[in-house]
1. Give all pairs with beta carbons closer than 6 Å in which a residue from segment B:11-29 that is at the interface with chain A (Cβ under 8 Å from one of its Cβ atoms) meets a residue that is surrounded by fewer than 18 Cβ atoms within 10 Å (Cβ to Cβ) and not in a helix (DSSP H, G or I); count only pairs at least 6 apart in sequence or on separate chains.
2. How many residues does segment A:135-158 hold that are more than 11 Å from every other protein chain (Cβ to nearest Cβ) and more than 24 Å from residue A:72 (Cα to Cα)?
3. Within segment A:83-103, is there a residue that is modelled with pLDDT of 90 or more and either in contact with a helix residue (DSSP H, G or I) (Cβ under 9 Å, 6 or more places away or on another chain) or within 14 Å of chain B (Cβ to nearest Cβ) (or both)?
4. Would you confirm, using the coordinates I've provided, whether residue A:161 is assigned to a helix (DSSP H, G or I), surrounded by 14 or more Cβ atoms within 10 Å (Cβ to Cβ) and either modelled with pLDDT of 90 or more or within 8 Å of another protein chain (Cβ to nearest Cβ) (or both)?
5. All but one of (1) more than 8 Å from every other protein chain (Cβ to nearest Cβ); (2) under 23 Å from residue B:37 (Cβ atoms) hold for residue A:132, so report the exception by its number.
6. Quick check on residue B:85: is it loosely packed, with under 15 Cβ neighbours inside 10 Å and modelled with pLDDT of 90 or more?
7. Scan the helices (runs of 4 or more DSSP H) fully inside segment A:1-74 and keep the ones with 2 or more residues being more than 25 Å from residue B:48 (Cβ to Cβ) and facing chain B (nearest Cβ under 8 Å).
8. Could you run through segment B:23-38 and say how many residues are exposed (fewer than 15 other Cβ atoms within 10 Å of the Cβ) and modelled with pLDDT under 90?
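The values are calculated or read from the model by the stated rules, or taken from the named source; none is laboratory data. Treat the numbers as computed from the prediction; the structure is a model and nothing was measured. Virtual Cβ from ideal backbone geometry, glycine too; neighbours counted across all protein chains shown.
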């Protein structure tokens, strides 16, 4: 496969892969690194991508797996956790702006969700995937996905209501 | 839109039973700005999804081998070739050297055997010659007996 052909297939997925990576890894830098890595992996296995009738699902699965691996190795090493703490004190101005409005609040709430639920919420409510597509990406059955999605949505709702009521009382 | 309908959709939404089309309706409703006060709490949630949808990265992934670590990659290739050459040369040299050693050892052995054989043959011929000289006496003896028994 030629480079142009490959880029033609893969480049349009760039932002989708990035959003998924960001949802899992939170940090913008790490998400960008992850996208870079996934692109390299896809390029290396470029002959394989032809076999999949949906390269998007294949790329998304790869991104999800890569990011979860990154998370695992991060949790395994103490050093990066220290680094993470340091980072959270010194968040990007962009993040700080986000955190001030309601949208940022949901962003914060989503951080608290288990990764699996976060990914499902991302794929369904942000990327608007059908359940069958999510099932393909996550290699899970659709019922389990529905259950997790419902749980994730409800958690977000509860947290929002808590914060909302707190705001009302305060005023 | 009718807030009753929206409430129903929301209930289904939180159970995970809405379709993509229905979820789009909810999106549209909360984007419209005419949200019933008791539903305002959900506005942020859908606003977040809308924001998250438009999130883009400014980075451009690079994939070409030549662009990505070109020196490292080509170096690796050439190191492999060089290593192969070294191994091949080493093996041939070793084999050559060893076979040379073997041949010289054999040669020496053969030479030794040759010398020994030569020596042995010389010894035999010397002994033979000296014995043959002694035979002249027998010849004389033969002559004398011939004279006597004529």
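1. Close Cβ pairs (under 6 Å, with a partner that is surrounded by fewer than 18 Cβ atoms within 10 Å (Cβ to Cβ) and not in a helix (DSSP H, G or I)) amount to B:20/A:128.
2. Qualifying residue count, segment A:135-158: 0.
3. no
4. Spelling it out, it is not the case that residue A:161 is assigned to a helix (DSSP H, G or I), surrounded by 14 or more Cβ atoms within 10 Å (Cβ to Cβ) and either modelled with pLDDT of 90 or more or within 8 Å of another protein chain (Cβ to nearest Cβ) (or both).
5. The number of the failed condition is (2).
6. Yes; evaluated as a whole, the condition is true for this residue.
7. Result: A:3-10, A:28-44.
8. Of the residues in that region, 7 qualify.
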